[in-house]
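J.: Got a structure here, written out as structure tokens. Questions coming.
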Amino acid sequence: MREKEAATFAQDSADYKTNIAALDKAIPAIEQGMAGAFLQTRAASSLRTFAMEKADIPDETRQEILSFLSGEDTDAYAPQSGEIVGILKQLKDEMMKDLASITATEDAAIAQYNQLMAAKKKEVAALTKHIEVDLIRAGEGEVSIASMKNDLEDTEEALKADETFLTQLEAGCDKKAAEWKETKKMRAEELLAVAETIKFLNDDDALELFKKTLPGSAASFLQVQVSSQSMRKRALSALRAVKSSANVDFIALAIDGKSDFTKVIGMIDEMVVNLNREQKDDDDKRDYCNAQFDEADDAKKELEQQLKDHDAAVDVLKGSIEKLTEEIAMLEAAVKETDRSVAEATEMRKKENSEYKDRMQSDQSAKELLKYAKNRLNKFYNPKLYNEAPKRELSESESITVGMGGTLAPTNPPAGIAGTGISASVVQVAAHNEAPYKKQTGQSAGVISMIDLLVRDLDTDMQKADVIEKDSQADYEKLMEDAGLKRAEDSKSITEKTAAKAGQEEALQGELDAKTGTTKALMMKLKYIQSLHGECDWLLKNFDVRKEARASEIDALGKAKAVLSGADFSFLQVSQTTRGFLAA
């Protein structure tokens, strides 16, 4: 719509300016009495077209202007030139007002258009940003859906594994229950056998028999008891079987220092609790480190992929901008070439038109001179065909002077070639020496016919020149129209490509900014991964060793505690060695 309004304004403005220029030429020409010369100009033709088609004036005034501009009975308008000038000045004033009005309207339309475009660009930018946000949200949603689908698959697989394990566990539980039932039965029978054995071994007769048969009372089988010294040695042996550590060394020192076993056992329990807590802390730390490494590695890969995407987008945008720059340069060169061609064609057209006018003026002067010569010959050879020169028309004051017997002031002799009044600016007559000449009427006919032939040749030449001038003017106008269309099309393309280039440059800057942000984020992530290595590498590297050492330590402490717990056991609780002895 803006382009159509601008085109309409350009056309109307050009028409007004053309008509105002024509009036600027017409008014001084009419005021100076050169109306006849002005009527032959192109400005008069333009003014005639405007008065006929567009001027908002009464029909009577329009008819007067058209009659004047058409050259019909020009002499009759000479006294009315003041009125014509007034009409033309009024037309000029109205056209200038109209031109100012449409110019103001165009300026207002341009301002409104610029405001509208600025608002629309802001709206487009806001909507584009909103689209980008929505696209990001959609992408995140798709990623979340894919992640949840993966979680669902993992969960389904875990469920199947758990169901399989449950089935196996149920079968195993039934088997273990049967085994436990059998174990309880055997243990009951064993307890019964042991109880019966104790009963008959504790019988008085049995004791008497043992006194007589065994070496002495100190070695009595029924009073076997493990000493505290033996317990300490066995506990220290169990502790020293593992790799030395502060905890084990401390317990060994406590045992070796003959501390109370109850306190040592308490210390062992406390150390076992501490070791289990330390192992749990290591397990948690290991899980945390592994999770953080996985998360950081995924984020790093994602950022590296984003950097690749940014680099690819930057390369594409740079190529597009470079291509648009080349195309704009080519279009600007084409516009300059079009302007140069138009200037050359205009200069050539002016030169051709000037030559045409000079030629027409020369031919017209030659025709008038030949007609004057023919008339002069007829005065001598054919008086009947001679045309008298128009008598001088006297003005009112001159008529009164003559009527009262006075004489008129002498007039200047006719100017031009040989006093004929014909312009000598182009036509030149060769001078010749006059000699006595005898009137030869018969031969004059040939000369007069030759003059007529020359006049016809001049008419033909003028017609040809007029046709050539019209064709040249039509070709020039067609060239101007084509050049104008091409220039407008190229200018429009330059504007569109410039806008596209600006958009690409803005997108490129956005990609560069995004790349910079992604690079910073990647550097921060790499720095974080480095800090994770500093925090977790030692633990992950030594986790199995630490766990194995800690398990060995706990096992040693458990054995030491078991040994120390059996220090005050009775015959039935001493140790597996005693039970083995009894069984033997």
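The values are calculated or read from the model by the stated rules, or taken from the named source; none is laboratory data. Fair warning: this is a prediction, and the values are worked out from it, not measured in the lab. With ideal geometry, Cβ positions are generated from the backbone for all residues, glycine too; neighbour counts draw on all protein chains shown.
J.: Please tell me if ASN378 is over 30 Å from MET523 (Cβ atoms), touching a Leu at 6+ places or on another chain (Cβ under 6 Å) and either in contact (Cβ under 8 Å) with a residue 60 or more places away in the chain or among the polar types (S, T, N, Q) (or both).
T.: Against the criterion (over 30 Å from MET523 (Cβ atoms), touching a Leu at 6+ places or on another chain (Cβ under 6 Å) and either in contact (Cβ under 8 Å) with a residue 60 or more places away in the chain or among the polar types (S, T, N, Q) (or both)), ASN378 qualifies.
J.: Could you run through region 292-325 and say how many residues are exposed (fewer than 12 other Cβ atoms within 10 Å of the Cβ), within 24 Å of the chain's Cα centre (by Cα) and more than 19 Å from THR518 (Cα to Cα)?
T.: Total meeting the criteria: 1.
J.: Something else: So for region 317-326 (the condition being within 30 Å of SER531 (Cα to Cα) and either part of a helix (DSSP H, G or I) or of a type in the set (A, V, I, L, M, F, W, C) (or both)), does at least one residue qualify?
T.: no
J.: Let me ask something else about it. In region 386-399, is there at least one residue being at pLDDT 70 or above and surrounded by 13 or more Cβ atoms within 10 Å (Cβ to Cβ)?
T.: Taking every residue of region 386-399 in turn, at least one turns out to be at pLDDT 70 or above and surrounded by 13 or more Cβ atoms within 10 Å (Cβ to Cβ).
J.: All but one of (1) at pLDDT below 85; (2) part of a helix (DSSP H, G or I) hold for ALA55; state the number of the condition that does not hold.
T.: (2)
J.: Next question, about the same structure. Are there any pairs, at least 6 apart or on different chains, whose C-beta atoms fall under 8 Å, with the first in region 91-113 and part of a helix (DSSP H, G or I) and the second among the acidic types (Asp, Glu), and if so, which?
T.: Every condition considered, the pairs that remain are LYS92/ASP24; GLU94/ASP56; ILE102/ASP12; GLU106/GLU5; ALA109/GLU5.
J.: For region 1-31, which positions are surrounded by fewer than 14 Cβ atoms within 10 Å (Cβ to Cβ), within 17 Å of THR49 (Cβ to Cβ) and charged (D, E, K, R)?
T.: Within region 1-31, LYS17, ASP24 meet the criteria.
J.: Within region 503-515, does at least one residue satisfy the condition of being modelled with pLDDT of 75 or more, outside any loop (DSSP other than H, G, I, E, B), closer than 30 Å to ASN290 by Cβ and out of contact with any helix residue (DSSP H, G or I) (no Cβ under 9 Å at 6 or more places or on another chain)?
T.: no
J.: In the list THR197, THR155, which residue meets the criterion of being assigned to a helix (DSSP H, G or I), surrounded by 10 or more Cβ atoms within 10 Å (Cβ to Cβ), among the hydroxyl-bearing types (Ser, Thr, Tyr) and at pLDDT below 85?
T.: Answer to the check: THR197.
J.: Kindly establish whether ASP311 is of a type in the set (Asp, Glu) and closer than 27 Å to ALA507 by Cβ.
T.: yes
J.: Now a separate question. For the structure I just gave you, tell me whether ALA188 is part of a helix (DSSP H, G or I), small (Gly, Ala, Ser), surrounded by 10 or more Cβ atoms within 10 Å (Cβ to Cβ) and modelled with pLDDT of 85 or more.
T.: Judged against the criteria, ALA188 is not a match.
J.: Condition first: surrounded by 10 or more Cβ atoms within 10 Å (Cβ to Cβ), at pLDDT 90 or above and within 25 Å of ALA10 (Cβ to Cβ). Can you find one or more residues in region 118-131 that meet it?
T.: yes
J.: State the number of residues belonging to region 516-542 that are touching a helix residue (DSSP H, G or I) at 6+ places or on another chain (Cβ under 8 Å) and among the polar types (S, T, N, Q).
T.: Residues meeting the conditions: 2.
J.: While we're looking at this one, here's another question. Specify which of the listed residues (TYR77, TYR113) is modelled with pLDDT of 75 or more and aromatic (Phe, Trp, Tyr).
T.: TYR113
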